[in-house]
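*Asks:* This structure is in structure tokens; I'll ask about it shortly.
The values are calculated or read from the model by the stated rules, or taken from the named source; none is laboratory data. Predicted model, so just to flag it, every value in this text is computed and none were measured. FYI the Cβ positions are ideal-geometry reconstructions off the backbone, even for glycines, and counts take in every protein chain you see. Keep in mind that these areas ignore ligands, DNA and RNA; they rest on the heavy atoms of the full protein, side chains included. Shrake-Rupley method; radii C 1.70, N 1.55, O 1.52, S 1.80 Å.
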Amino acid sequence: LLTYYGLHALQHRGQEGSGIVTSSFDPAMKKHRLHVHKDFGLVNDVFRDDELLTKTLPGNVAIGHNRYSTAGASDNKLNIQPLFVNYRNGNIAISHNGNLTNFNRIRSALQEEGTIFQTTSDTEIILHLIARSKERDQIKQIIDALDQVEGAFSLAILADDKLIAARDPHGWRPLAVGRLGQGYVVASETC
């Protein structure tokens, strides 16, 4: 619910689409599961049904995104963030604000090596770089991936039971971090 209100406060940042990914622990499966809902439209339209927020998106860790096109087709639903995958170290989802200036070069190199892309968004290359990293530790994989991209960006990454925030080394894109009770709130600007 908090992520929904944060997206609503940031609605001016993008109005093409909105999405939320949450993480919950499944005791029967003994692993974390990601839950996602995203679609075209304003926050109120995408999350019109209250059950989406209470039943479809369980968990105590979440990331969200309001889309406005900077890279990737605006009419492709797969480009709506957060993007998410399951890879050898578990689940990972990402919300990205900004532009990766070396996106075309990295994407072409990954395609030459056989990588299959689901979106036309520059954000997806970060997920592929994380998954391909030779590092064993997930945080080190993320650092390895971010060391390869250039541009102006801020990110919120959900990795099973962790919320990770990062921004470009120059700090060109804002990244607000706040404390709420015993948890944290991260946003591409204050909300």
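*Asks:* Applying the selection to region 146-163, what residues are surrounded by fewer than 22 Cβ atoms within 10 Å (Cβ to Cβ), at pLDDT 95 or above and among the hydrophobic types (A, V, I, L, M, F, W, C)?
*Replies:* Leu146, Val149
*Asks:* Further question: Of all residues in region 164-191, which are open to solvent by less than 70 Å² (accessible area, probe 1.4 Å) and in a strand (DSSP E or B)? Reasoning before the result, please.
*Replies:* In the first step, residues of region 164-191 are kept if they are open to solvent by less than 70 Å² (accessible area, probe 1.4 Å); the result is 164-166, 168, 171, 173-176, 178, 181, 183, 185-189.
The answer is Ile164, Ala165, Ala166, Ala176, Gly178, Gly183, Val185, Val186, Ala187.
*Asks:* Return yes or no: is Arg136 in contact with a Ser or Thr (Cβ under 6 Å, 6 or more places away or on another chain) and assigned to a loop (DSSP other than H, G, I, E, B)?
*Replies:* When the stated conditions are applied, Arg136 does not pass them.
*Asks:* Cβ-Cβ under 9 Å, sequence separation 6+ or interchain: first residue in region 7-26 and free of Cβ contacts under 8 Å to residues at least 40 places away in the same chain and under 15 Å from Ser188 (Cα atoms), partner of a type outside the set (S, T, N, Q) and assigned to a helix (DSSP H, G or I). Which pairs?
*Replies:* His8/Val43
*Asks:* Any residue in region 97-110 that is in a strand (DSSP E or B) and of a type in the set (A, V, I, L, M, F, W, C)? Give the derivation first.
*Replies:* Within region 97-110, the subset in a strand (DSSP E or B) is 97-100.
Filter again for of a type in the set (A, V, I, L, M, F, W, C), leaving 100.
Looking for residues that are in a strand (DSSP E or B) and of a type in the set (A, V, I, L, M, F, W, C), one finds at least one in region 97-110, hence yes.
*Asks:* Also, I was wondering about something else. Can you tell me which residue within region 117-131, out of those that are at pLDDT 95 or above and out of contact with any Asp or Glu (no Cβ under 9 Å at 6 or more places or on another chain), is farthest from Ile92 (Cα to Cα)?
*Replies:* Ile125
*Asks:* Here is a further query. Answer yes or no as to whether Ile116 is loosely packed, with under 15 Cβ neighbours inside 10 Å, outside any helix (DSSP H, G or I) and of a type outside the set (Gly, Ala, Ser). Let's see the steps before the verdict.
*Replies:* On the way: loosely packed, with under 15 Cβ neighbours inside 10 Å: yes; outside any helix (DSSP H, G or I): yes; of a type outside the set (Gly, Ala, Ser): yes.
Criteria met by Ile116.
*Asks:* Where the second residue is open to solvent by 100 Å² or more (accessible area, probe 1.4 Å) and among the hydroxyl-bearing types (Ser, Thr, Tyr) and the first is closer than 16 Å to Leu7 by Cα and at pLDDT 75 or above and lies in region 174-191, which pairs have Cβ atoms under 6 Å and are six or more apart or on separate chains?
*Replies:* Listed by first residue and then by second, the contacts come to Ala176/Thr190.
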